[in-house]
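All remarks here apply to the structure that follows.
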Amino acid sequence: EPIVQADETPIKVLEKVKTRQAWIWTFNAEELVVYRFSASRSGETPVQVLGSSTGTLVVDGYTGYNQVTTPQGRTRSGCLAHLRRKLFDALKYAPDFQVGLNLILDVYKVEHEALAAGIVRTPAHGQLRNTRSREAMAKLHTWLTENQPKHIPSSPAGQALAYGIGQWPHLEVFLGLPGVPVDNNKSERLLRVIARGRTSYLFVGHDQGGQNLAILMSLVATAEACGKNP
């Protein structure tokens, strides 16, 4: 698939005395959803799933995806919602961060208008992004760089600004590719079932149980993505 979104979340595995932590990953495209169980959070899982495929990979800032986002592999696209969340969390310490939030809102307004007009992923959508979204993103980058010296790096505000600046080459990838989403919220929604599981079934009984869970969820989620009743 040319555009894939991915994310990962922890899951507990039962041991003799206590549980240990493992991970469930999701890799999803338009009508294909794959869940993958892994005993670790290493970059081996993205390599196993995506291999040497090319295209765009939409992810957050986690370095585990670095092995597949290479010049010979996939272009890495960042998640604007992650930056927004960090700026929002720092808002109580730095009320002027509302400026940055408003600039991100301008980008989402463009996406909303494209959806309402039925032009998502079309050249017309790309034109909107290349004008209004690009202007908003340019202002956001200027705002981030101008504010970074004003905050202690270890503070919530400083960390939010550093995340935005460090991820910037990936955050603006969507501007030139109308098919690429501005955030990775779809992957986060697909992992909510695991988050709910942490408070209901609590853990899987063993690694094979985790693999079985991932296979079953892949079948169900892909059927739903294709408009079929699982």
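The values are calculated or read from the model by the stated rules, or taken from the named source; none is laboratory data. Here the structure is a predicted model, which is why all the values come from computation and not from measurement. For neighbour counting, all protein chains shown are included, and Cβ atoms are generated from backbone atoms with ideal geometry for every residue, glycine included. Quick note on the areas: whole protein, heavy atoms, side chains included, nothing else; ligands and nucleic acids left out. Shrake-Rupley method; radii C 1.70, N 1.55, O 1.52, S 1.80 Å.
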Label-point separation (nm) for TRP168 and LYS139, each offset 7 Å from Cα along Cα-to-Cβ?
-> 1.7 nm
Among ASN147, SER133, THR122 - extreme Cα towards positive end, dipole of the chain, charges at beta-carbon | ASN147
Taking the Cα centre of the chain as origin and charging only Cβ (+1 Lys, Arg; -1 Asp, Glu), how large is the dipole, in debye to the nearest 20?
-> 480 debye
Can you tell me the accessible area per residue over the range 1-73, all protein chains present, probe 1.4 angstrom, in square angstrom?
-> 49 Å²
Assuming a ≥ b ≥ c are the square roots of the Cα gyration tensor eigenvalues, decide whether the range 47-196 counts as rounded (a/c under 1.5), prolate (otherwise, with a/b larger than b/c) or oblate.
-> oblate
Per DSSP H run of n ≥ 4, the term is -39500 (n - 2.57); total these for the chain, divide by its residue number, and report the mean residue ellipticity at 222 nm rounded to 500 deg cm²/dmol.
-> -13500 deg cm²/dmol
For the range 126-230, with every protein chain kept in place, what is the accessible area per residue (1.4 Å probe, Å²)?
-> 54 Å²
Placing +1 at every Lys and Arg Cβ and -1 at every Asp and Glu Cβ, with all other atoms neutral, what dipole size does the range 1-130 have around its Cα centre, in debye to the nearest 20?
-> 480 debye
Centroid-to-centroid separation of the range 141-184 and the range 1-45 [C-alpha atoms, Å] | 26 Å
Using a Förster distance of 35 Å, how high is the FRET efficiency between HIS112 and LEU32, based on the Cβ-Cβ distance and rounded to 0.05?
-> 0.85
Roughly what would the spin-label model give for LYS16 and ILE152, points 7 Å off Cα along C-beta, in nm?
-> 4.7 nm
Sum up the lysine pairs in the chain that clear both bars: alpha-carbon distance under 19 Å and a spacing of 8 or more or different chains.
-> 8
Roughly speaking, to the nearest percent, how much of the range 49-206's 1.4 Å accessible area is carbon and sulfur?
-> 57 percent
